[in-house]
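A.B. asks: This is the structure I want to talk about, given as structure tokens.
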Amino acid sequence: MTPIRNRFIRQLFASTLDLLPIIAVVLIFQILVVRQPIPDVLNLVAGTLLVILGLTLFVQGLELGLFPIGETMAHAFARKGSVLWLLIFAFSLGFATTVAEPALIAVAGEAAKIAAQGGMIEASDEARASYALGLRLTVAFSVGLAIVIGVLRIIRGWPLHYLIISGYCGIVLMTLFAPEEIIGIAYDSGGVTTSTITVPLVTALGVGLATSIKGRNAMVDGFGLIAFASLTPMIFVMAYGMFI
């Protein structure tokens with residue numbers, strides 16, 4: 001238990017240092033610019049301590065659980081030699097992690113609310129829930145497909161920049177024809193998918209797969225899956241807006 005405890009203490013200290021600039025900015029603007037007393041100091045201190053603890057536990061969880069799981073699964077599928085099962089796993093991983101992404105849930109709910117206010121959908125709970133769910137499933141499907149393309153790129157050795165440039169050219173082209181109301185949501189969807197749940201598992205999958213395949217460099221070929229996960233939601237959400 002000692003190594004885990006020492007690692008936890010080091011991460012707790014690192015998390016505190018990471019949050020210090022944010023705390024300093026808030027305090028400086030509150031005291032020097034706004035020039036008002038800090039409201040509810042006890043709750044602010046308690047909340048800050050909880051954030052530090054939560055960030056520490058989250059990072060520890062990534063290092064102890066999620067990263068090893070992703071790499072182990074990648075190694076196992078590479079040894080098994082079944083490309084089909086590897087692609088099914090890649091799609092399932094991308095879909096499942098994205099559909100459960102808290103940031104995506106929040107954005108989809110807010111988008112449904114604004115769509116109802118703007119008259120794009122009916123102003124009912126059922127319509128808002130249906131719109132938000134459709135948006136989440138669309139983004140999740142696009143990320144699953146993106147991970148499949150990224151895995152194929154690692155297996156086949158396709159150049160990353162060709163795929164990325166082609167994808168963004170498609171995004172620019174679709175922007176010209178997509179409804180104006182959906183463009184901002186589509187662009188934001190590319191960012192919310194690369195958050196707390198998706199990034200660790202997908203990164204571990206790419207690095208583990210590149211390490212397991214002969215002739216692949218983990219640094220050159222193992223990264224880039226997150227770029228696809230950011231790109232494809234923009235395309236699919238704009239297409240979703242065109243149809244809905």
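The values are calculated or read from the model by the stated rules, or taken from the named source; none is laboratory data. These figures come from a predicted structure and were not determined experimentally. Please note: Cβ atoms are built from the backbone with ideal geometry, for glycine as well, and neighbour counts cover all protein chains shown. Just so you know, the surface numbers come from the protein's heavy atoms only, side chains and all, with ligands and any DNA or RNA stripped out. Shrake-Rupley method; radii C 1.70, N 1.55, O 1.52, S 1.80 Å.
A.B. asks: How much area per residue is accessible in region 58-188 when the probe is 1.4 Å and only protein heavy atoms are counted (Å²)?
C.D. replies: On a per-residue basis, region 58-188 sits at 53 Å².
A.B. asks: Using the alpha carbon gyration tensor of region 25-93, what are the three equivalent-ellipsoid semi-axes (square root of 5 times each eigenvalue), largest first, in whole Å?
C.D. replies: Semi-axes (√(5λ), whole Å): 47, 13, 9.
A.B. asks: Let me ask something else about it. Once you treat every alpha carbon in the chain as an equal point and sum by Debye, what is log10 I(q)/I(0) at q = 0.08, 0.10, 0.12, 0.15 Å⁻¹?
C.D. replies: -0.41, -0.63, -0.86, -1.10
A.B. asks: Name the residue, out of G215, G47, G157, whose mean-square fluctuation peaks in a Gaussian network model built on the chain with Cα pairs under 10 Å.
C.D. replies: G47
A.B. asks: Quick one, could you list the DSSP H helices from the chain stretching 15 Å or more along their long axis (Cα atoms) with average Kyte-Doolittle hydropathy of 0.5 or above?
C.D. replies: Answer set is 2-28, 41-61, 83-99, 102-117, 125-156, 160-175, 198-212, 225-243.
A.B. asks: Whenever you get a sec, compute what percent of the accessible area on region 138-216 sits on carbon and sulfur atoms (1.4 Å probe).
C.D. replies: 68
A.B. asks: Using a Gaussian network for the chain with springs between C-alpha atoms less than 10 Å apart, which of these wobbles most: E180, E126, E101?
C.D. replies: E126
A.B. asks: At a temperature of 37 °C and a viscosity of 0.692 mPa s, determine how fast region 1-115 diffuses translationally according to Stokes-Einstein, using the Kirkwood radius over alpha-carbon pairs as Rh; express D in µm²/s, rounded to the nearest whole number.
C.D. replies: 179
A.B. asks: Among 182-190, 17-25, 139-147, how do they line up from the highest to the lowest mean number of other beta-carbon atoms within 10 Å?
C.D. replies: 139-147, 182-190, 17-25
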